[in-house]
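Visitor: This is the structure, below, for whatever I ask next.
Each reported figure results from applying straightforward, stated rules to the coordinates on display, with no laboratory input. This one's a predicted model, so the numbers in the text were calculated from it and none came from an experiment. Don't worry about glycine lacking a Cβ; one is built from the backbone with ideal geometry, like all the others, and counts go over all protein chains shown.
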Amino acid sequence: MAASPDRAELAKICGSRNWSKAIRVLDALLAQSCSIQDICNRAFCYSKLELHKHVIKDCDKALQLDPTLLQAYILKGNALLALGRKEDASLVWEQGYEHALRDSKDLKLLLELEDLLASVKQSKPVVCQDHALDTSPCDTKVVVSEVSVVHSDTIPTADMKTVVCEEQVVDSSSKVMMNSDSGSEIDNTSGSEDMYEITSQPSNSQEIIRRCNETIKPDHKLFVTNISKSKSISLDFRLSRGIGQVNEGNYDQAISIFDQILRETPKYPEALIGRGTAYAFQRELDAAIADFTKAIQYNPSAGEAWKRRGQARAAIGEFMEAIEDLSKALEFEPSCCDILHERGIVNFKFKDYNAAVEDLSACVNHDRKNSSAYTYLGLALSAIGEYQRAEEAHLKAIQLDENFLEGWAHLAQYYQDLANQEKALHCLEKVLLVDKSYAKAYHLRGLLYHGMGLHRMAIKDLSLGLSFESSNIECLYLRASCYHAIGDFKAAARDYDSVLDLELDSVDKFVLQCLAFYQKEIALYTASRANFEFSQFNIDGDVDPLFKEYWCKRLHPKNVAERVFRQPPLRTSLKGGRISKKEFNLTKHQDNLLQAADSIGKKIQYNCPGFLPNKRQYRMAGLAAIEIAQKVAKAWRGLRNVKKSGKQTRKKEKLGIVSQNRGGGCCSSSSSSDTSTSYSLNEDRHASGRTTSWQDIYHIAVKWRQISEPCDPVVWVNKLSEEFNSGFGSHTPMLLGQAKVVRYYSNYERILDTAKSVIKERKYVNIVEDKSVDPSALVESERISNAVSCSDLYNVVGENFWVATTCNSTAFEGKPLEGTRITVQKMDKIGFDFAIRTPCTPSRWEEYDAEMAAAWEALCTVYCGELFGSNDVNMLGDVKDAILRMTYYWYNFMPLSRGSAAVGYTVLLGLFLAANMEVTASIPPGMQVDWEAILTSNPEAFSEIIKKWLYPSIKFNRSWKDYPDVTSTFSTTGSIIAALSSYKNETQ
């Protein structure tokens, strides 16, 4: 039977030793029908070009179809041995030999396997036999004889690696680390030999180089015409040399070889792919993409070119295009693990986490030893809230490789995101046992210590990280913030300046640079106030409203720098503001107060995923609560005395002091009393509780929150610029794209149900520019009721929208207040921004101001009557309810740029203390008190939820009255910073 034209041509091509062309013919034959022998024949041709990993792939395909195919075992073992994997080669040959013994149809191959096993066990050189190519659809074989074996010492092994440069991403929280809700990642790739390895480049220590150990694959179905036999062999030889030079890191030499080939044969895809790969290693990614594009133009079936162009595009952030290229590459190799791995990583970076999970799951199903794929699978699963599966994937990654640095780091980040600090620290200790110079581990541990309020320990780790990567912007910025927090303003300013001087390569890092500008100004302002009374530390009154607005929004500081007064230089600021070392040597008097504050303050802790225990914030809350209790109790005594004497209370006066910083740093040029107003309690001037406003009470906690963590822009919204008039508001997301925000996603279902109820009740939603849309017809068709996701709601409305919850007024019966806005916005990339937002417009501010004033008035009235000083907490039910009523309206008001939740609960603790009631219970696991207020329409409903666990825990306690006076014990800003920065079990 005559051979087909393709097979006849194949026999001639093999006779001329043109293995690349033989592979193309076999590609074409396999595209028509899948023959096991043709797969083996292609593996043989790959072996002649020393493309060993392609040999292994084809042999695996053949063995999946026929596990008894001895030829595949022999070829695969030879390839593994050539790659230095002697034990793996021996195992493969043993498997083949066992099959041969059970069914020895081909005695020659059985004996060959026996010889191979004997040779490898005796550590003798193994002579790789040439095997026949099946060039016909029947059993007739064309035997290629007298083929000279190309040895590895003559031509370098043709296992080309590709470099793809990816930026490091930090979280968070951060992502990043600027926002604890954001998730974060550490770039890495390592794992199976067909995947990536980590290489640090001295020229840029922050850049992680991913090298793909996959060989360059000859193009498909392309015939280079008019090339003589000798020239064809020469091309293959030079191509192999070029590949070898890439593998050895000699990229310039490799490019020179490929240039010569392409001058002679411009349309040679293999050479274009080779040169593009060398360019990629040199991080000349535009040139690499250009070569891969040409290779695709000359041969659209060159799957290798599609894959490599996808890798290069991913490296420059063209994620959509990269995914398209890698998807095209998968059309040629649908089950290719390395392409699935690569596309999974790109999908992860593109924030298409569901697609990433699908790709990476498919990858590890085919390659169960790919530690890199497992760790990225863990990252993607964590992003979509599959925490148990995420942990299993991360653990599998490090189980495969106990020295997998990035795997341990990713697992540490996973635990940190869930606020499991013990396990996070354990993982980071493991990383540093493997490599003490791994800067990322020091950054992560510094970030963890910072989140726990241990700023001095964070500084030590961040400094170690910077000793290995001096230009690491994340370490520099975080260390500056830590120095700032503990009052080392000189070191803080130095680090902030270093951040501002760095050259950047990503938008995320630019955000840090913008923040460094604002933080340095705040540090200089704080330094200038260090030795003044804390009452003169007044960010809300002193700092320019425009500056604060840009700071909160993380905007480019160019306009601010030109339009507001800047702080004086550090030398000037420190003249009156250097914190004395003696401030950190606490007296017994002070230490006793701090111990009491720590015990009270830890009650603010949310026992929910994502909320780390923070000793500094505990102390802040405790000291603030005690100060509130002391000042409120004094005000109540004054009010009680007025009532007993029968005198009428004086008309409420506006409390304020003239700023001591007018015309100074970050301040407005205006000197009007409106912009300089500072909330403060002054009982000597105002004996009546009625002259103490609700703002005065809450501002005590606000100032403590401002000084405790200077990284956070905590300001009163009505003290911002004219942006306040258009409704500056807080934004708390539950879903960002496909990422489930670990802290708040537990509220998703309740918020979704609330949004559906509001739409059905009011029969309209609000879209851009506050225009309303009537979806009544959709409501009637029950599409709203049947919605099970924010995506479903968006599809009903057809565009971005918001609805507002209702907060019923107590002060003005029958008057509804706007509560919180539930927003659904389609994101540019993938998924939705499903969040709650609280816009504080002037009209809304006036309404809540009146509501808070009424709630404060009611509390003063109920306590300063017959129940004043009662030691029976059961008799104080109305007082408890009045405190919860005030707390309820505060949470729905949300008048701060951030920090409203902590401030609200701190004031609650202080008010209970002022009434001689101590809250002894911790907040129950899974409960977030502010969300309970947001999700109820009146204070009575809120109280019913909170009182179940809060009221039974309340105990009568007057011992707090023996505590030293907070204001006099820590009188200066510097002494307060010292108090917040001194822990017995933390390195000083």
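Visitor: If we sort 285-293, 788-796, 538-546, 947-955 on the protection proxy, mean other Cβ atoms within 10 Å, highest first, what's the order? Mind showing how you got there, number by number?
Guide: On the way: 285-293: 21.2, 788-796: 17.0, 538-546: 23.1, 947-955: 14.7.
Top of the packing list down: 538-546, 285-293, 788-796, 947-955.
Visitor: How large is the translational diffusion coefficient of region 215-435 in µm² per second when you combine the Kirkwood radius over alpha carbon pairs with Stokes-Einstein at 20 °C and 1.002 mPa s?
Guide: Rounded, D is 113 µm²/s.
Visitor: I need the phi-derived Karplus couplings for region 877-882: 6.51 cos²θ - 1.76 cosθ + 1.60, θ = phi - 60°, integer Hz, Gly and Pro marked x.
Guide: Listing the rounded values in order: x, 5, 5, 4, 4, 5 Hz.
Visitor: Using 0.36 nm per residue of separation minus the Cα-Cα distance, give me the extension gain between Asn592 and His426 in nm, one decimal.
Guide: So the extension gain works out to 56.5 nm.
Visitor: List, in order, the whole-Hz ³J(HN,Hα) value for each residue of region 486-500 obtained from phi through the Karplus relation with A = 6.51, B = -1.76, C = 1.60 and θ = phi - 60°; use x for Gly and Pro.
Guide: Each residue's phi maps through the Karplus curve to give 8, x, 8, 5, 5, 5, 4, 4, 4, 5, 4, 4, 4, 4, 5 Hz.
Visitor: Sticking with this structure for a sec: Can you tell me how region 375-421 classifies by the Cα gyration tensor, rounded, prolate or oblate, using a/c under 1.5 as the rounded cut?
Guide: oblate
Visitor: Next question, about the same structure. Within region 818-911, which GluC sites (Glu not before Pro) sit in a loop by DSSP and count at most 10 neighbouring Cβ atoms inside 10 Å?
Guide: Listed in order of number, the matching sites are Glu866.
Visitor: Work out the FRET efficiency for Arg554 and Gln297 from their Cβ-Cβ distance, taking R0 = 30 Å, and round it to the nearest 0.05.
Guide: Numbers: r = 43 Å, r/R0 = 1.44.
Between Arg554 and Gln297 the formula returns 0.10.
Visitor: So, one more: From the cross-link list Lys53/Lys307; Lys460/Lys588; Lys351/Lys548, which pairs have alpha carbons spaced over 24 Å apart?
Guide: Correct reply: Lys460/Lys588; Lys351/Lys548.
Visitor: Points 7 angstrom from Cα along the Cβ direction at Ser870 and Thr806: gap in nanometres?
Guide: Going by the 7 Å Cα→Cβ label model, 3.3 nm.
Visitor: Take Glu98 and Ser470, extend 7 Å from each Cα along the Cα→Cβ direction, and tell me the distance between the two endpoints in nm.
Guide: Computed distance between label sites Glu98 and Ser470 equals 5.8 nm.
Visitor: Among 269-280, 926-937, 695-706, 455-466, how do they line up by average Cβ neighbours within 10 Å per residue, starting with the highest? Each step should come with its number before you reach the end.
Guide: Values: 269-280: 28.6, 926-937: 19.8, 695-706: 24.2, 455-466: 22.6.
Order by mean packing, descending: 269-280, 695-706, 455-466, 926-937.
Visitor: What ranking of Phe534, Phe489 emerges when the number of other C-beta atoms within 10 Å of each C-beta is taken as an exposure proxy, fewest first?
Guide: Ranked by crowding around the Cβ, least crowded first: Phe534, Phe489.
Visitor: Go through Lys436/Lys740; Lys520/Lys719; Lys430/Lys581; Lys369/Lys440 and tell me which ones have a Cα-Cα distance over 29 Å in this structure.
Guide: Exceeds cut-off: Lys436/Lys740; Lys430/Lys581.
Visitor: Another one. Among Ala22, Ser33, Leu91, pick out the residue whose Cα is farthest towards the positive end of the charge dipole of region 5-121, where Lys and Arg carry +1 and Asp and Glu carry -1 on C-beta, about the Cα centre.
Guide: It is Ala22, whose Cα lies furthest towards the positive end.
Visitor: Karplus couplings for region 814-820 from phi (6.51 cos²θ - 1.76 cosθ + 1.60, θ = phi - 60°), rounded to Hz, Gly and Pro as x?
Guide: Once θ is set to phi - 60°, the couplings for region 814-820 become x, 9, x, 9, 6, x, 10 Hz.
Visitor: Percent relative contact order of region 215-435, based on C-alpha pairs within less than 8 angstrom and at least six residues apart?
Guide: 11 percent
Visitor: Can you find, among Gly737, Thr805, Leu752, the residue sitting farthest towards the positive end of the charge dipole of region 729-839, where Lys and Arg contribute +1 and Asp and Glu -1 at Cβ?
Guide: Comparing the listed Cα positions along the dipole, Gly737 ranks first.
Visitor: Right, something else. Students often check this: by mean Cβ neighbours within 10 Å, which of 11-18, 910-917, 713-720 ranks highest, and how do the rest follow? Mind showing how you got there, number by number?
Guide: On the way: 11-18: 18.2, 910-917: 24.5, 713-720: 21.8.
So the peptides 11-18, 910-917, 713-720, ranked by packing, come out 910-917, 713-720, 11-18.
Visitor: So for region 215-435, taking the charge dipole from beta-carbon charges (+1 Lys/Arg, -1 Asp/Glu), which of Gly378, Thr277, Ser234 sits furthest toward the positive end?
Guide: Farthest towards the positive end: Ser234.
Visitor: Taking just the alpha carbons, could you work out the radius of gyration and Dmax for region 729-839, both in angstroms?
Guide: 13.9, 46
Visitor: Another question about this same structure. What distance in nm separates the two pseudo spin-label positions at Ser843 and Thr68, each 7 Å out from Cα along the beta-carbon direction?
Guide: The modelled label-to-label distance comes out at 8.5 nm.
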